[in-house]
1. Just checking, which of 230, 200 is outside any loop (DSSP other than H, G, I, E, B) and free of Cβ contacts under 8 Å to residues at least 12 places away in the same chain?
2. Condition first: in contact (Cβ under 8 Å) with a residue 60 or more places away in the chain, in the same structural domain as residue 68 (by TED's automatic domain parsing), of a type in the set (Ser, Thr, Tyr) and under 30 Å from residue 385 (Cβ atoms). Can you find one or more residues in segment 143-165 that meet it?
3. Hand me the list of strands (runs of 3 or more DSSP E) wholly inside segment 242-331 holding 2 or more residues that are among the hydrophobic types (A, V, I, L, M, F, W, C) and either assigned by TED's automatic domain parsing to the domain that holds residue 63 or out of contact with any Pro (no Cβ under 9 Å at 6 or more places or on another chain) (or both).
4. Being part of a loop (DSSP other than H, G, I, E, B) and closer than 18 Å to residue 143 by Cβ is the filter here, so list the residues in segment 179-196 that pass it.
5. Does segment 423-435 contain any residue that is more than 30 Å from residue 81 (Cβ to Cβ), of a type outside the set (Ser, Thr, Tyr), assigned to a helix (DSSP H, G or I) and free of Cβ contacts under 8 Å to residues at least 24 places away in the same chain?
6. Go through segment 58-106 and report how many residues are closer than 19 Å to residue 491 by Cβ and surrounded by fewer than 18 Cβ atoms within 10 Å (Cβ to Cβ).
7. Would you tally the residues in segment 125-144 being surrounded by 23 or more Cβ atoms within 10 Å (Cβ to Cβ) and within 18 Å of residue 515 (Cβ to Cβ)?
8. So, in segment 219-232, exactly how many residues are under 30 Å from residue 164 (Cα atoms) and crowded, with 18+ Cβ neighbours inside 10 Å?
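The values are calculated or read from the model by the stated rules, or taken from the named source; none is laboratory data. Keep in mind the model is a prediction, meaning the values are calculated, not measured. Because the Cβ atoms are built from the backbone with ideal geometry, glycine has one as well, and the counts that use them run over all protein chains shown.
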Amino acid sequence: MRRWSSFEQGDRKRAAGCNGTGPSPRLWLVLLLLLFVACAPGESSRQPAYGTLEGAIPAPSAPVWLIGLDGAGWNMLDPLLEAGELPHLAALIERGSSGVLRSENPTISPALWATIATGQPRDVHGVVNFTERVPGSYRTVESGPLDRRSPALWDHVGAAGGRSVVVNWFGSFPAETIEGVYLARGLDPAAARPGQVHPEGWLDAGPSFEASSPPGWALEAIGRTPFLRETLHDDQRSLDLLRRAVARESADLVVSYFAGVDIAQHVTWKDMDPDYVPFPDEPPRDPALAQVIPSYYRYLDHVVGEIVALAPEDATIVVVSDHGGGPMRPEEAFHFQLEVVLSELGYIRKLQSGDFDWTRSTAWAISELYRERKRIWLNLVETESQGIVPREQAASLAEEIETRLRGLRVEEGPLFDRIENHLNGEDWMPGMPALTVEFAQAALTATRVRDGAASFAMDPVRLRHRDVSGGHRLDGMMVLAGPKIAPGRFTSPATLYQVAPTVLHLLGLPQDARLQPPAGQGGVLAEVLSPEWYAEHPPLIAEEYRTLPRLGRVVEGDAEADPAEDASLARLRALGYL
């Protein structure tokens, strides 16, 4: 049995709202205000009563700077804070409000960051995975703005007449057309590709871009491998781009994202954690990597300090993570290759090269979905460039595949916990996935798969990334500081759905009546706000919040793959996401 890591113990106190001290006097005022709101008929402190905005949507009243630290958790932050090694975050915590930001399963980062930016669940905003299929193609690409159906914070700021700077947000390629500057994730000014910068030509205007190096101590402590050095330089380049953008643009909303802590935790957790229980055939610990993760937290504290120094005095600083980190658990350590199952059943045919033979394959799947949940498409003549299945045979083929999959069993029961045939629904259209399946927990330890006509080994279906030892945890972090924030700790965890409403309110903007969070999870995080300011600025909702329409992906055909996109997908594979 895998043990709890010592690095996870602090999360339990944080999640319970315990910090060893009682609430501050100002926090008592906030609690009293929340009690008053909670007692109002039909309302709760999680979703305070909203008034209706009368008249036009106002312009943003004061700036908000939102900083995303992927994977940062209090289990790592608290010991470093207590040791005095994170002075910039400590200063924000001292003058602001902080606590656990509760994530949700499955912890798929692009879906979580899209929820943070929109306040909407993934089945509403549409970003559900690391990759999405290109319509009319057998390819998948990294998910991004073209897959997001809900307006984000920067859309609302633009609709209110304000301007935004967005730098390196997760899932930000291609760059969105916004009021302001949008620099897509992975942008290297020395090798920019089309679609990475809005407005077009912005990089070429003004002084030439000058990249800086990370601090020497960070390079020495973190840059122990080429992959880690590349990660560190990517984050430093994001800081440089942000510095350049805010020097040239007057923005109401500034958004930035840094991936490095999550990456470091994925690839070096076992080297740091003495309680880590290795998987079979896993490479041994490397003592030279033991300090990579804590050093990366120190580097990001340095980054936060640099950003705070750039922000105006009246800005509210909001620092969030999408989830926390911890040792890899068995249930998140393996990926299931559905295409192997379909190949064994004869629905996928392959050439000697290993590539799919589309002239003989009736269905297909790509390992583009996270962990256990996968989708199946039919190779339809109507929609696929090399399709062989007539439209009139689609329903019977989907039913046949469903029946075969339901018959597959392993030693402890069915291979799949869930099989959904989308052709049974009225909204299915050619080009959409035909089935969605979810592998059962028993698939983690099974040795063989059987049905009446097939028997094959489970090992080729189950993939383990041997170089990945860190996983995700639900408890992330959130820190807010500024003139509108009341000092103290959260009395209970905040949710991902509260970030966007809280940022909008801090900007002086109303909520969008079209966007409703899940019951009891969303709404302005009232307890972090100064009681005086909150009393004078109750949250409002706007019925007519005009934002640009989301266009979605267009049919591109089976176009040649983009080398930069291939490199991005290779990076996701290296981290165990694909």
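1. The match here is 230.
2. Within segment 143-165 (the criterion being in contact (Cβ under 8 Å) with a residue 60 or more places away in the chain, in the same structural domain as residue 68 (by TED's automatic domain parsing), of a type in the set (Ser, Thr, Tyr) and under 30 Å from residue 385 (Cβ atoms)), the answer is no, since none of the residues qualifies.
3. 253-258, 316-320
4. 184, 185, 186, 187, 193, 195, 196, listed by residue number.
5. Within segment 423-435 (the criterion being more than 30 Å from residue 81 (Cβ to Cβ), of a type outside the set (Ser, Thr, Tyr), assigned to a helix (DSSP H, G or I) and free of Cβ contacts under 8 Å to residues at least 24 places away in the same chain), the answer is yes, since at least one residue qualifies.
6. Residues meeting the conditions: 2.
7. So the answer is 1.
8. 2
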